[in-house]
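None of the figures in this text is laboratory data; all of them are computed from the coordinates on show. Computed from a predicted structure; not experimentally measured. Counting neighbours? That spans all protein chains shown, and the Cβs are built from the backbone with ideal geometry, glycine included.
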Amino acid sequence: MRIIKLFSGILVFLFCTFLLFGGMPVAYAIQYQEHNGNEARVYDDAGLFTADQKDEFETTIQSMKKEMNMDVVIVTTGDTGGETAKDYAENFYIERSFGMGSDDRGALFLIDMDNREMYILPVGKMNRFLTDQRWNRILDDAYNEISQGDYAACARTYLTGVRKYYREGIPGGQYNYDADTGEISVYHSIEWFEAALAILVAAAAGAAVCGGVTSQYSMKKVKRRAANSLLSYRAASEFHYSRQDDSLVNTSVTHVIIPRNTGGNGSNGGMSSSGRSTTHSNSGRTMGGGGRKF
């Protein structure tokens with residue numbers, strides 16, 4: 001019995017020692033992963049990048065987030081669970097609560113090895129910068145790289161394109177077109193020359209009012225009336241008119257049909273397609289973008 005109790009005590013001691021010293025690194029590792037998972041923006045589930053490449057992308061993304069005040073994410077997957085690239089990208093963004101600000105603005109780039117498709121997902125205000133024309137250009141630039149299996153270069157092209165178009169600013173005439181409702185949301189901004197023109201118009205209007213008041217108090221009208229009264233002796237003056245007739249000869253009438261100006265080549269009230277961002281709503285977020293098969 002003593003031997004059994006002694007053996008049991010040793011087992012209890014060893015178990016407690018394991019929990020105390022061996023369990024701490026395990027718990028710390030789990031806590032470390034969760035902490036970094038909240039900060040990480042590169043999710044290479046398909047294993048397409050090296051460790052150095054992922055560190056490079058993380059560093060670039062953190063710099064972009066500070067500059068743009070928008071979220072930036074890169075995701076790769078080899079199994080979408082039967083979802084399309086579009087649905088997988090949107091659900092990934094929503095479930096992990098990516099985005100900054102009240103509109104959860106940001107952009108996600110997906111390399112989907114299951115459906116063989118790359119997908120760019122602008123969210124919130126990022127749709128104003130990444131119009132349909134712009135994100136298509138990024139995909140055009142990345143297509144040769146991804147078709148040759150250079151996935152890291154493809155990801156760099158995405159990051160470079162997003163930063164480039166953010167720095168170029170929202171293009172003139174930009175508008176969001178909701179594909180579900182048909183609603184159009186035009187982006188309005190005040191340029192410096194518009195502000196200057198408004199100031200000049202306001203100054204001119206104020207000057208006109210001040211000039212009118214000054215004129216009223218200068219009594220110029222009263223002086224003119226007094227001067228006119230001195231000319232009353234001309235009241236008996238007579239005026240003689242002569243009659244002259246003009247004849248119009250060799251006339252012709254030409255009828256020309258003037259085509260109606262539609263104001264543009266496309267639909268949506270003549271708005272330019274270059275400034276269009278096709279969007280839809282998903283879980284309260286405005287999402288746009290599109291993909292390209294490879």
Subject >> GLN148/ALA51 FRET efficiency (R0 25 Å; Cβ-Cβ; nearest 0.05) >> reply: 0.70
**OP:** Would you mind computing, in nm to one decimal, how far apart the modelled labels at GLN133 and ASP114 are, each placed 7 Å from Cα along Cα→Cβ?
**Re:** 3.5
Subject >> Ranked by how many other beta carbons lie within 10 Å on average, peptides 110-117, 70-77 from highest >> reply: 70-77, 110-117
Original post:
Tally Lys/Arg at +1 and Asp/Glu at -1 over every other residue whose Cβ is under 14 Å from the Cβ of GLN53; what's the total?
Top reply: -4
**OP:** Determine which aspartates and glutamates satisfy two conditions relative to LYS293: a Cα distance under 18 Å, and not lying fewer than 8 residues away in the same chain.
**Re:** ASP79, GLU83, ASP87, GLU90, ASP112, ASP114, GLU117, ASP132, ASP140, ASP141, GLU145, ASP150
